[in-house]
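Chemist: I have a structure I would like to understand better, so I am pasting it below and will then ask my questions one at a time.
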Amino acid sequence: MADLTTDFLGIKSPNPFWLASAPPTDKEYNVRRAFDAGWGGVVWKTLGEAGPPVVNVNGPRYGAIWGADRRLLGLNNIELITDRPLEVNLEEMTRVKRDYPDHALIASIMVPCEEASWKAILPRVAETGADGIELNFGCPHGMSERGMGAAVGQVPEYIQMVAEWCKQYYDQPVIVKLTPNITDIRYPARAAKAGGADAVSLINTVSSITAVNLDTFSPEPSIDGKGSHGGYCGPAVKPIALNMVAEIARDPETHGLPVSGIGGITTWRDAAEYIALGCGNVQVCTAAMTYGFKIVEEMKRGLSQWMDEKGYATIEDFRGRAVPNVTDWQYLNLNYVTKARIDQDACIKCGRCYAACEDTSHQAITMSADRVFDVDDSECVACNLCIDVCPVEECITMERLAPGTTDPRTGRVIPAEHADWTSHPNNPMARAAE
C-alpha cells in the first residue's frame, strides 16, 4: 500500500491532506474531530492581535454558485478572521498539539503591518508548540480594508518585509499565503522567498460577488439590504490555483520553493494534480464544509489506490512530475494534428456536439436525416469543443493523424519534426532572427 506520509519543511503528517485556515479550523472542538476523522494537519483559523476581538456580521456570511444538479461549485465568504479572543485560541492550540503530536498544526496569523505587532504575537504562538505559522496575506475582504490580508499580499515589498520580521522573531517554519488578486503571482512569491520564507501557500480566495438579488437589488449574501465583495473558493477556483502554482514551480527564481496547494480540492484526483505540479501537501476547506470531515477518507483511499496502480510508493515519487510539461504557448508543437472521432455505439444522438460546432465553431460535424453525427476532417481544427459539451464520457475522442499523412483541412503533409511559433514563417520575430 502507498505511503501517504509527508514531510513538509520538516513538519511530518500522516497524509498530505490539511484543512485550510477557515471556519472548519476555528476552535479546538473542530480540530480534534478533524484529526480523529483522518486529516493530516490543520491551519488554525487566522489569529489577530491581542485586544478586543474582531467583530463579524450577524447575518448571512456565504453566497453560493451551484451547478445544474445543485452541486456546490463555489462559495463567496464574507466572514473575517477569528472573532474569538487570542488567549482562548492559543490555549486551545496548546492542548490540541499536546494531544495530537503526530499531526501538523500551523497557526495562521494576521496583524497590522508593523514590526511591533508581529514581534508581540510570535512568541505567544511559539509557546503553543505549533509546527509553524502561515502569514495570511490573501484575505480580500474586511481585513484588507484595514491594511492587512490582500492589502499586504498585493505589495511584494511588504511581503518581504513582514517575512523578514517573522524569520527574525520566530524559529519555526514560516509559510506565506498568497492572494490570487494580483496580475502576476511570481512577484509576491519571489518577495516571500527573498524575505526568507520557508514556503508559500496558494491560493487564498478570489475577490468576488457571486450574485445580485433581483428583488432587493443587493449583492448576496445580503445584510439589511446591502452586500459586499467577499472571497470566492471551491471547485470553480481550481483552474486559477493550478495555473498560479505552476507559474511559481517553473519560475527560475522560485523553482524549488516549497508550496502548499489550495483551491477547490474536492477529490483525490484534485490533490494528485496539485502534487504533480510540485506541491508538498494540499489544503482543503470548501469540500469539508460541503460534505463534512469524513470526506478525507475518500481522498486518502483514492490517492492511495491510484498510487498503487501507478507504482508510486510515496508522494515524492510523483511530486513535480508535471512541471516540465508546463510551457508557454509559443513552444507548442504545431505539427501535432488531431481530429475528433465519434463512437456511434456510445452516441445518444442528443446533438449537442453538432449545435456547438455548427453555431459557434467550425461546422465540422455533420448530421444526417436520421440524426447520425459524424466529423468532416476537412473542416475539423481539433478545438475539442465537441468533447467538452458531450454528455457521454469518451463518446468523442481526439485521434492524432500520423506524420507523413495529409491533413484534409490544409492539404499539407504533416511533418514528423517538432515545429512551433518561434520558427514559424508567419512570425515576424522569427523572420527577423533569420
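Chemist: Condition first: among the hydroxyl-bearing types (Ser, Thr, Tyr), at pLDDT 95 or above and within 23 Å of residue 67 (Cα to Cα). Can you find one or more residues in segment 261-270 that meet it?
Modeler: Checked against the condition, which is being among the hydroxyl-bearing types (Ser, Thr, Tyr), at pLDDT 95 or above and within 23 Å of residue 67 (Cα to Cα), segment 261-270 yields at least one hit.
Chemist: Any idea which of 364, 382, 369, 356 is free of Cβ contacts under 8 Å to residues at least 24 places away in the same chain and of a type in the set (A, V, I, L, M)?
Modeler: Exactly one residue qualifies, and that residue is 369.
Chemist: Also, I was wondering about something else. Could you list all residues from segment 286-333 that are in a helix (DSSP H, G or I) and among the hydrophobic types (A, V, I, L, M, F, W, C)?
Modeler: Matches in segment 286-333: 287, 288, 289, 295, 296, 299, 303, 306, 307, 315, 323, 329.
Chemist: Can I ask one more? Which of the residues spanning segment 156-195 are of a type in the set (Ser, Thr, Tyr), in contact (Cβ under 8 Å) with a residue 24 or more places away in the chain and out of contact with any Lys or Arg (no Cβ under 9 Å at 6 or more places or on another chain)?
Modeler: 158, 170, 179, 187
Chemist: Ok, one more. Looking only at residues in segment 2-25 that are among the β-branched types (Val, Ile, Thr) and crowded, with 17+ Cβ neighbours inside 10 Å, which one is farthest from the chain's Cα centre (by Cα)?
Modeler: 11
Chemist: Does residue 354 satisfy the criteria of being assigned by TED's automatic domain parsing to the domain that holds residue 412 and among the aromatic types (Phe, Trp, Tyr)?
Modeler: Criteria met by residue 354.
Chemist: Now for a different question. Tell me yes or no: at least one residue of segment 340-352 is modelled with pLDDT of 95 or more, under 30 Å from residue 276 (Cα atoms) and surrounded by 14 or more Cβ atoms within 10 Å (Cβ to Cβ).
Modeler: Yes, segment 340-352 contains at least one residue that is modelled with pLDDT of 95 or more, under 30 Å from residue 276 (Cα atoms) and surrounded by 14 or more Cβ atoms within 10 Å (Cβ to Cβ).
Chemist: For residue 86, state whether it is of a type outside the set (S, T, N, Q), under 19 Å from residue 22 (Cα atoms), over 28 Å from the mean Cα position of the chain (by Cα) and in the same structural domain as residue 55 (by TED's automatic domain parsing).
Modeler: Answer is yes for this residue.
Chemist: Taking only segment 414-424 into account, find how many residues are of a type outside the set (Gly, Ala, Ser) and surrounded by fewer than 11 Cβ atoms within 10 Å (Cβ to Cβ).
Modeler: Qualifying residue count for the region: 1.
Chemist: While we're here: Looking for something in contact with a Gly (Cβ under 7 Å, 6 or more places away or on another chain) and at pLDDT below 95 - is there at least one such residue anywhere in segment 41-50?
Modeler: Within segment 41-50 (the criterion being in contact with a Gly (Cβ under 7 Å, 6 or more places away or on another chain) and at pLDDT below 95), the answer is no, since none of the residues qualifies.
Chemist: On to the next question. Is it the case that segment 142-155 has a residue that's polar (S, T, N, Q) and either touching a Gly at 6+ places or on another chain (Cβ under 6 Å) or in contact (Cβ under 8 Å) with a residue 40 or more places away in the chain (or both)?
Modeler: No, the conditions are met nowhere in segment 142-155.
Chemist: Just to verify a result, which residue in segment 286-332, among those that are in contact (Cβ under 8 Å) with a residue 60 or more places away in the chain and aromatic (Phe, Trp, Tyr), is nearest to residue 232 (Cα to Cα)?
Modeler: The selected residue is 293.
Chemist: Out of 379, 394, 358, I need the residue that is of a type in the set (Asp, Glu), in a loop (DSSP other than H, G, I, E, B) and either farther than 28 Å from residue 273 by Cα or in contact with a Pro (Cβ under 8 Å, 6 or more places away or on another chain) (or both). Which one?
Modeler: 379
Chemist: Assuming residue 411 fulfils every condition listed in (1) touching a residue at least 12 places away in the same chain (Cβ under 8 Å); (2) over 29 Å from residue 69 (Cβ atoms); (3) of a type outside the set (A, V, I, L, M) apart from one, which condition is it?
Modeler: Going through (1) touching a residue at least 12 places away in the same chain (Cβ under 8 Å); (2) over 29 Å from residue 69 (Cβ atoms); (3) of a type outside the set (A, V, I, L, M) one by one, residue 411 breaks only (1).
Chemist: Criterion first (more than 30 Å from residue 251 (Cα to Cα), assigned to a strand (DSSP E or B) and not charged (D, E, K, R)) does residue 340 satisfy it?
Modeler: For residue 340, the condition - more than 30 Å from residue 251 (Cα to Cα), assigned to a strand (DSSP E or B) and not charged (D, E, K, R) - is met.
The values are calculated or read from the model by the stated rules, or taken from the named source; none is laboratory data. As the structure is a computational prediction, the values presented were derived from the model and not from experiment. Backbone-built Cβ (ideal geometry, glycine too); neighbour counts: all protein chains shown.
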